[in-house]
Amino acid sequence: MFKVIKREGRARRGQFSCAHGGVVETPVFMNVGTQGAIKGAVSAHDLKDLKCQIELSNTYHLHLRPGDSVVKALGGLHRMMDWDGPILTDSGGFQVFSLSGLRKITEEGVTFASHIDGRRIFMGPEESMQIQSNLGSDIAMAFDECVENPAPYGYVKQSCERTVRWLQRCKEEHDRLNALPDCLNPGQMLFGINQGGTYEDLRVWSMQESAKIDCDGYGIGGLAVGEETEVMYRILDVTLPYAPEDKPRYLMGVGTPSNIIESVWRGVDFFDCVMPARNARHGKLFTWQGSLNIKNEKYKLDGRPIDEGCGCPTCRSFSRAYLRHLFKAEEMLAMRLAVMHNLWFYNTLMERIRAALDEGVYEDFRNAYSRKLEEKI
RNA sequence: GGGAGCGUUCCCGAGUGGCCAAAGGGGGCAGACUGUAAAUCUGUUGUCGACGACUUCGGUGGUUCGAAUCCACCCGCUCCCA
């Protein structure tokens with residue numbers, strides 16, 4: 001269930017709910033735990049302390065390890081991770097892009113050579129739906145092909161047409177599985193995915209066709225995969241007007257704080273990105289003055305918290321100098337503390353975006369922070 | 001006392017006459033990272049007035065057109081036998 005409660009231009013302030021957790025306030029950033037854990041030794045319990053509203057995991061990775069049947073036997077992903085909030089599972093469509101050297105695509109689906117041991121894994125729309133059903137997530141993503149940018153028009157056209165055909169198959173299989181008596185999460189929703197690369201006509205076509213298939217929300221995929229940022233914004237500008245007004249729009253895999261601010265402005269409701277966690281593991285931390293690299297020598301004797309005024313578990317107790325030391329000494333606590341800070345930052349960013357929308361001052365917020373958060377301090 | 005080695009740029013360590021400012025690793029410094037094959041990857045790491053010049057391979061002095069590489073002595077260290 002989703003409803004828009006306030007608007008400012010194309011930006012939307014909304015509320016969403018699904019089978020787990022209470023009301024999700026949107027715009028929302030989903031915290032990525034690909035294999036059922038947030039990389040950097042952060043658990044689902046920690047997510048509660050980091051103001052996370054939705055957790056995201058991955059179909060391909062959990063199918064390989066520990067196996068979706070194992071997850072189902074353990075009571076589902078929620079039970080396994082001990083996370084009682086909403087979970088969105090990505091379909092494996094991104095792996096068609098990220099593991100492009102290890103797969104072959106046909107109309108039926110995609111055959112992967114497992115990145116772990118090379119064995120053949122076939123995944124098509126039906127398989128992806130079955131796996132996500134076994135995982136028991138609250139939102140299943142349609143199985144799509146995420147195409148790199150730039151790509152030839154002809155290829156993108158046939159690919160996004162196939163992705164729409166796959167969406168139809170996903171929808172049918174999803175409805176069938178949800179109706180089965182032993183279904184782990186009969187309330188599981190399905191989001192379709194818009195593709196079309198950097199081609200406006202394909203994007204619009206893909207959106208229109210996907211909208212004809214009744215989904216609970218729509219992902220915008222295939223962005224931030226090689227194209228210029230301005231191209232991504234242009235695609236959002238031309239595509240989102242064709243997305244159903246009463247359904248959430250999810251910009252998949254995006255992005256930087258600035259990307260998020262700009263995309264909310266253009267009408268996006270859901271986001272997810274590995275950036276806060278990955279960058280944290282590599283020492284790049286976000287602050288309201290811009291980002292910093294905690295490993296830099298200048299923080300050697302810096303007794304201040306990462307971000308003055310930040311209320312995250314890390315900043316409440318530890319100094320930049322200590323964190324720098326932990327990174328230099330390769331203590332795993334470094335990653336944990338850094339990841340917690342960055343996830344808190346992203347979740348707080350969304351909180352402030354929502355507050356600005358509530359107060360009708362989002363344009364001011366955008367002007368104040370969109371550029372600033374891209375700076376390095 | 002006798003014998004055998006070793007000393008290289010921040011560290012370890014290759015290099016035994018020119019292609020050597022000197023491999024490789026570590027450490028240092030910096031950068032990248034966007035639905036996670038990422039605790040990963042990349043650049044850089046003698047000095048300078050820098051498409052060139054200068055100083056450097058324990059020290060000093062030689063041999064040579066040319067030396068980290070060969071010779072002599074000195075200093076320091078290691079191992080073996082007594």
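For region A:6-162, the Cα gyration tensor yields ellipsoid semi-axes of 28, 22, 13 Å (square root of five times each eigenvalue, largest first, whole Å). Once you reduce region A:134-172 and region A:328-360 to the center of their Cα atoms, the two points are 31 Å from each other.
So what is the orientation-averaged projected area of region A:157-246, using the convex hull of its C-alpha atoms, in nm²?
On the way: hull surface 24.9 nm².
If I average the Cα hull's projected area over directions, I get 6.2 nm².
One chain, two ends: A:Ala73 and A:Ala19. Fully extended at 0.36 nm per residue, the span grows by 17.5 nm beyond their Cα-Cα distance. Listed by chain and number, the lysines whose C-alpha is less than 27 Å from the C-alpha of A:Lys295, apart from same-chain residues fewer than 8 away, are A:Lys39, A:Lys51, A:Lys284, A:Lys328, A:Lys372, A:Lys376. How many percent of DSSP beta bridges within chain A run antiparallel, rounded to 5? Taking every DSSP beta bridge with both residues in chain A, the antiparallel ones total about 45 percent.
For the peptides A:139-147, A:214-222, A:39-47, what is the packing order when you average, over each peptide's residues, the other Cβ atoms within 10 Å and list the highest mean first?
Details: A:139-147: 27.9, A:214-222: 24.9, A:39-47: 18.0.
Ranking the peptides A:139-147, A:214-222, A:39-47 by packing returns A:139-147, A:214-222, A:39-47.
Region A:258-282 and region A:182-249 have Cα centres separated by 16 Å.
Taking a straight line from the alpha carbon of A:Lys157, these lysines sit under 23 Å away, with near neighbours fewer than eight places off in the same chain left out: A:Lys104, A:Lys171, A:Lys212.
Shown in residue order for region A:231-242 are the 3J(HN,Hα) couplings computed by the Karplus curve 6.51 cos²θ - 1.76 cosθ + 1.60 at θ = phi - 60°: 5, 4, 5, 4, 4, 4, 4, 8, 8, 4, x, 9 Hz (x for Gly and Pro). Working note: Debye formula, equal point scatterers on the alpha-carbon atoms of chain A, no solvent; log10 I(q)/I(0) at q = 0.07, 0.09, 0.10, 0.15 Å⁻¹ is -0.29, -0.49, -0.62, -1.38.
At a 1.4 Å probe, what is the % contribution of carbon and sulfur to the accessible area of chain A?
Numbers: 7500 of 14940 Å².
Taking all protein chains in place, chain A shows 50 percent carbon and sulfur surface.
Rolling a 1.4 Å probe over the heavy atoms of the protein chains gives chain A an accessible area of 40 Å² per residue. How high is the relative contact order of chain A? Use alpha-carbon pairs under 8 Å, at least six apart in sequence, and give a whole percent. Dividing the mean separation by the residue count of chain A yields 18 percent.
Quick one: net charge around A:Asp138, please, counting Lys, Arg +1 and Asp, Glu -1 for every other residue with C-beta under 12 Å from its C-beta.
Working: positive: none; negative: A:Glu55, A:Asp84, A:Asp216.
Counting the neighbours of A:Asp138, the net charge comes to -3.
The values are calculated or read from the model by the stated rules, or taken from the named source; none is laboratory data. In this text, all values refer to a predicted model and were calculated from it rather than measured experimentally. Every residue, glycine as well, gets a Cβ built from its backbone with ideal geometry; the counts of neighbours run over all protein chains shown. SASA here: full protein model, heavy atoms, side chains in, ligands and nucleic acids out. Shrake-Rupley method; radii C 1.70, N 1.55, O 1.52, S 1.80 Å.
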